[in-house]
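Working notes, structure below.
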Amino acid sequence: MLSPGIIDKLNQQINWEVYSSHMYLQMGAWCSYKSLDGCAMFLTQHADEEMAHMRRLLKYLQETGALAIIGGMEAPPTEFSSLVAMFDKIYTHEQFVTSKINELVHLANTEPDYSTLQFLQWYVAEQHQEEFLFKSILDKIKLIGTEGQGLFLIDQEIGKLVSNPGALEATSNSATAPQA
Ligand code: OFO
């Protein structure tokens, strides 16, 4: 049985995961609009991953007999001054999500709630991976540069990060499969 404070914070986290999914979906739409099909596929896939993060929280709350609550949330940004600015925003956002996971871990540790503490370990590892992933992408973009063919090369490189692109193509009318 979870404390009201833990339930409240897990529900807040559900909302952050849904917001993250909406943000990645919107960024994927922006990339598609800019003909950056590799980035669009990668971000759309990441939106699905965020929904999986949300469902993991939902399941945990339900298993403990608590009521999961999907609240309202603000719309994600729709315009970005450049691809670098967009990935900068992603990196900052993932650092923010890490801070929210850390708050949850701190609360579970303080109560103490060992079940939730163990459940949260997956998110701690996931946030480490995501911060590393997006920092690596930002570094690569800065290394290649977006002048001339740079943007095309970056789009191809990011498209290579898509796992099982066929699954995404099946749900897309326009995205082109990245060259492996
Ligand atoms: Fe972007 O990661 Fe969820 O938690």
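The values are calculated or read from the model by the stated rules, or taken from the named source; none is laboratory data. Model, not experiment: these values are computed from the prediction. Ideal geometry is used to build each Cβ from the backbone, glycine not excepted, and the neighbour counts take in all protein chains shown. Quick note on the areas: whole protein, heavy atoms, side chains included, nothing else; ligands and nucleic acids left out. Shrake-Rupley method; radii C 1.70, N 1.55, O 1.52, S 1.80 Å.
Heavy-atom accessible area with a 1.4 Å probe sorts 1, 27, largest first, into 1, 27.
Scanning the chain for GluC sites (Glu not before Pro) lying in DSSP loops with no more than 13 further Cβ atoms inside 10 Å, the longest uninterrupted stretch between such sites is 1-73.
Computed over protein heavy atoms with a 1.4 Å probe, the accessible surface of the stretch 4-173 works out to 52 Å² per residue. Of all the options 141, 154, 69, the one that moves most in a Gaussian network model of the chain with Cα springs shorter than 10 angstrom is 69.
Its relative contact order, with pairs defined as Cα atoms under 8 Å and 6+ residues apart, puts the chain at 29 percent.
Of the whole protein surface, residue 153 contributes about 80 Å² of accessible area at a 1.4 Å probe radius. Distance from the alpha carbon centroid of the stretch 112-155 to that of the stretch 6-39 works out to 14 angstrom. Ligands, DNA and RNA left out, the 1.4 Å accessible surface of the stretch 36-158 is 56% carbon and sulfur atoms.
Taking only the Cα atoms of the chain, the ratio Rg/Rh comes out at 1.02, with Rh defined as the Kirkwood radius.
Would you check the stretch 16-149 for Lys pairs whose C-alpha atoms are within less than 18 Å, ignoring same-chain pairs closer than 8 in sequence, and give me the count? For the stretch 16-149, qualifying lysine pairs total 5.
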